[in-house]
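Written below as structure tokens is the structure these notes are about.
The values are calculated or read from the model by the stated rules, or taken from the named source; none is laboratory data. These figures come from a predicted structure and were not determined experimentally. We place every Cβ from the backbone using ideal geometry, glycine too, and count neighbours over all the protein chains shown. Ligands, DNA and RNA are excluded from the accessible area calculation, which covers all protein heavy atoms including side chains. Shrake-Rupley method; radii C 1.70, N 1.55, O 1.52, S 1.80 Å.
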Amino acid sequence: MPLLVTDSRSNANEQIVHAAEVIGRGRQKAKVFEVVSSGRARVKTVSDVVEKTGIPRQQVLNAAKQLVDNQLIHPTRKNGELAYEKDAFYSRHKKRILKLAADPRERQRVPTKRNPAGASPTVIIRVPRRLAKAHYVTVDEVDSFSGVAGVRHVPKPVPLSERRFKEGMQAILGESGRFEDWGGESNDLWTTRVRLHGRRRRAAFGFKGGGTRGKLVPGKMGKNGDQIQRLFRSPADVFFVQYWDQIDESVVEQMQTFATAKSYAEGRDIWFGVIDGADSQRLIEAYARYFRRGTRRI
């Protein structure tokens, strides 16, 4: 038998997801894999597999070949008959592999080298609602952006560069500070000059430039899908994510999770919201002079 050199222990998720992808939703492959990988017997003949699965012999051979080709099980012989030997690693993770094989969405959430977006943080928080004061807000509720009230219908958004949009937002807010981008920053713009519900508050913004394509999901935010998590590390009361197209509800859900955690931990109100393509264009229409080239601040 050939010696396997795959170091599955060093990258278990990668191997588990690979196995799940090989099996997919094919019921015959799943049954053959489950039978070979189950029980005390390390080796099972083709006849054993046929008997336990009820699958015709030729179909067992076809399904098993794909599993063998991908090293999920290993070919051998027993009593002169073709047989299959379980793989120790895949057998140990059999239940998880079969679960992921049947659920592509769940498979996408598993962090691997190929899919670091799966590493997007998942946080489960259970706190009394009266102790967590996290509030969703829109640009229409922000006093500093009151000009958008007069802009209802806008053309299709035309993305500006992230830098130009950020400088336009600084101009609207009267924020003269300099904010240089680097890989590990918590936010793209932090200011104490946002007015919300009649009061001046600290705010942190995360901007996604025109280089991102399609619906915005957490996995597209930051190299490791952790931009929202880093955003909420900012010492702020108000948090916004801005993007030039549709923002998926999963972004809002994750923001709500971190806003709830921050509110509970710090014992104060936290506001959060998103500025999608339409609202970005409304801001540009309402404050056109601040988004002109060369305009950095008021």
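Within the option set Ile284, Ile228, being in contact with a Phe, Trp or Tyr (Cβ under 8 Å, 6 or more places away or on another chain), in contact (Cβ under 8 Å) with a residue 24 or more places away in the chain and within 17 Å of Trp190 (Cα to Cα) holds for one residue only, Ile228. Is it true that some residue in the stretch 239-248 is closer than 19 Å to Ile270 by Cα, acidic (Asp, Glu) and at pLDDT 90 or above? Checked against the condition, which is being closer than 19 Å to Ile270 by Cα, acidic (Asp, Glu) and at pLDDT 90 or above, the stretch 239-248 yields no hits at all.
Checked against the criteria, Val68 counts as under 29 Å from Arg105 (Cα atoms), of a type in the set (A, V, I, L, M) and over 30 Å from the mean Cα position of the chain (by Cα). Here Val241 does not fit the description of being among the β-branched types (Val, Ile, Thr), in contact (Cβ under 8 Å) with a residue 12 or more places away in the chain and surrounded by fewer than 18 Cβ atoms within 10 Å (Cβ to Cβ). The lone criterion from (1) farther than 22 Å from Val194 by Cα; (2) surrounded by fewer than 19 Cβ atoms within 10 Å (Cβ to Cβ) left unmet by Asp269 is number (1).
Going residue by residue through the stretch 158-173, is there one that turns out to be surrounded by fewer than 16 Cβ atoms within 10 Å (Cβ to Cβ), assigned to a loop (DSSP other than H, G, I, E, B) and of a type in the set (Val, Ile, Thr)?
yes
Restricting attention to the stretch 72-90, the residues being touching a residue at least 24 places away in the same chain (Cβ under 8 Å), part of a strand (DSSP E or B) and open to solvent by 30 Å² or more (accessible area, probe 1.4 Å) number 5.
Out of Ala278, Ala265, Ala236, which single residue is over 26 Å from Lys156 (Cα atoms), among the aliphatic types (A, V, I, L, M) and not in a loop (DSSP other than H, G, I, E, B)? Break it down into steps so the answer makes sense when it comes.
Working: Ala278 fails: over 26 Å from Lys156 (Cα atoms); Ala236 fails: not in a loop (DSSP other than H, G, I, E, B).
The match here is Ala265.
For the stretch 37-71, a residue qualifies if it is touching a residue at least 40 places away in the same chain (Cβ under 8 Å), within 19 Å of Gly24 (Cα to Cα) and not in a helix (DSSP H, G or I), and the qualifying residues are Ser38, Asn70, Gln71. Contact map, the stretch 247-264: first residue within 16 Å of Thr138 (Cα to Cα), second residue open to solvent by 40 Å² or more (accessible area, probe 1.4 Å) and outside any loop (DSSP other than H, G, I, E, B), Cβ cut-off under 9 Å, separation 6 or more or different chains; pairs are Val252/Tyr136; Met255/Tyr136; Gln256/Tyr136; Ala259/His135; Ala259/Tyr136.
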